[in-house]
């Protein structure tokens, strides 16, 4: 006996997809079992789901699947929005406000570590340059001392030779 194909409402489908995209560490199979769906049906919905809002291409993505550029754009778009308006903006894109906060702190941490890395690299380069200059200065000091000693000896030799000649 062939079972008739079930028809699901658009709302049910959207809720199931939202659960999949915001599932955290749970598997798609867990969401399918919870929603009383076949995993194949759910995966087909995921493949065929297209964003309804063309300005946000990530509606169908899980937050952890967003690329850094997309995250930065989301942070830029949501900057200045707060409260219920921020929650509505997040719902449209399948996000939560705490994910935006995490992304912001991640970007700040990367920026800090890069600037710290740049500073330590610059410091290292300056130390190497300082050591090179100190070696050159010591070499020139020794050469100058040697030249001064030779001039003094030359003067003494002339004085001695001048005394013998007279």
Pair list, Cβ < 6 Å and 6+ apart or interchain, from the stretch 85-96 residues that are more than 13 Å from residue 62 (Cα to Cα) to residues that are outside any loop (DSSP other than H, G, I, E, B): 86/97; 89/78
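The rows are residues; the columns are (1) over 21 Å from residue 22 (Cβ atoms); (2) without any contact (Cβ under 8 Å) to a residue 24 or more places away in the chain; (3) part of a loop (DSSP other than H, G, I, E, B).
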{"position": "77", "(1), (2), (3)": "no, yes, no"}
{"position": "100", "(1), (2), (3)": "no, no, no"}
{"position": "137", "(1), (2), (3)": "yes, yes, no"}
{"position": "157", "(1), (2), (3)": "yes, yes, no"}
{"position": "164", "(1), (2), (3)": "yes, yes, no"}
Odd one out for residue 58, checked against (1) in a helix (DSSP H, G or I); (2) under 19 Å from residue 13 (Cβ atoms); (3) modelled with pLDDT under 90: (1)
Unmet criterion (only one of (1) assigned to a helix (DSSP H, G or I); (2) at pLDDT 85 or above; (3) more than 21 Å from residue 20 (Cβ to Cβ)) for residue 40: (3)
Residue in the stretch 112-129 that is assigned to a helix (DSSP H, G or I), at pLDDT below 85 and surrounded by 11 or more Cβ atoms within 10 Å (Cβ to Cβ) present: no
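The values are calculated or read from the model by the stated rules, or taken from the named source; none is laboratory data. All values derive from a computational prediction rather than experimental measurement. FYI the Cβ positions are ideal-geometry reconstructions off the backbone, even for glycines, and counts take in every protein chain you see.
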